[in-house]
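The values are calculated or read from the model by the stated rules, or taken from the named source; none is laboratory data. Because the structure is predicted, anything quoted here is derived from the model rather than measured. So basically every Cβ, Gly included, is an ideal-geometry build from the backbone, and we count neighbours across all protein chains shown.
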Amino acid sequence: MLHLIAVFAMGFLAAGLVLLVYKLRGVKAPRYLVPMAAGLAMIGYSVWSDYSWASRTIDGLPDHVQVVKEISSSAPWKPWTYLIPQVDRFIALDSSETRRNERLPGFVMAEVILVAQREPAVTTRQLFDCTQSRRTDILPSAEFNDDGMPVAPQWVPLEPGDALYQQLCAGS
């Protein structure tokens, strides 16, 4: 919602500046120029906002949250994204919440943060099996065995080169 308000504000600002410049010159602005300036300003702001969103958001993260993977996309309604894809999502790891259990060597529990543009961030706890390259989500309702292993985990095999696996399991 704030993005939409900012886009319209930029359009009004550009239109107002064009009118002001022509008024100060004592000349009437061409009919096409005011809406064209507003439209170009709105598109320009929207493109800048979309392309700078990831870096602005990442810069605002606390030091203990590290971005592990940035995900880019292209869309037909934004044809320029085919030339330069736009980062519209990223995966971060909260290193202050990473846990290892001495009774379960080769396993790491981590808090993973999924962030997408114009959507609320989602935080999830995941258990990584560093020996078998797989992970499972740890739900708040999860039950654990005496050794700390979740009961009946739903393991998901990881792709080779998975960024979270590499970050958490390096050296395991």
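For the reader, a short list of remarks on this structure follows.
- Within segment 64-73, the set of residues being free of Cβ contacts under 8 Å to residues at least 60 places away in the same chain and either on the phi > 0 side of the Ramachandran plot or surrounded by 14 or more Cβ atoms within 10 Å (Cβ to Cβ) (or both) comprises V65, V67, E70, I71.
- For segment 141-172, the tally of residues that are in a loop (DSSP other than H, G, I, E, B), out of contact with any helix residue (DSSP H, G or I) (no Cβ under 6 Å at 6 or more places or on another chain) and under 23 Å from Q66 (Cα atoms) stands at 7.
- Residue check, D147 more than 25 Å from D50 (Cβ to Cβ) and out of contact with any Lys or Arg (no Cβ under 8 Å at 6 or more places or on another chain): no
- Qualifying residue in segment 157-164 (condition: more than 30 Å from R56 (Cβ to Cβ), surrounded by fewer than 12 Cβ atoms within 10 Å (Cβ to Cβ) and over 25 Å from the mean Cα position of the chain (by Cα)): no
- Failed criterion for F144 (all others in (1) under 22 Å from the mean Cα position of the chain (by Cα); (2) exposed (fewer than 15 other Cβ atoms within 10 Å of the Cβ) hold): (1)
- Applying a threshold of 7 Å to beta carbon distances and a minimum spacing of six or more residues, or different chains, the list of pairs starting in segment 115-134 at a residue that is assigned by TED's automatic domain parsing to the domain that holds P160 and ending at one that is of a type in the set (D, E) reads A116/D88; Q117/D88; T123/E111; T124/D137; R125/E111; Q126/D137.
- A count restricted to segment 21-38 and to residues that are part of a helix (DSSP H, G or I) and either of a type in the set (S, T, Y) or in contact with a His (Cβ under 7 Å, 6 or more places away or on another chain) (or both) stands at 1.
- Any hit, segment 52-63, residues being more than 15 Å from the chain's Cα centre (by Cα), surrounded by 15 or more Cβ atoms within 10 Å (Cβ to Cβ) and either farther than 16 Å from I113 by Cα or outside the structural domain of A116 (by TED's automatic domain parsing) (or both): no
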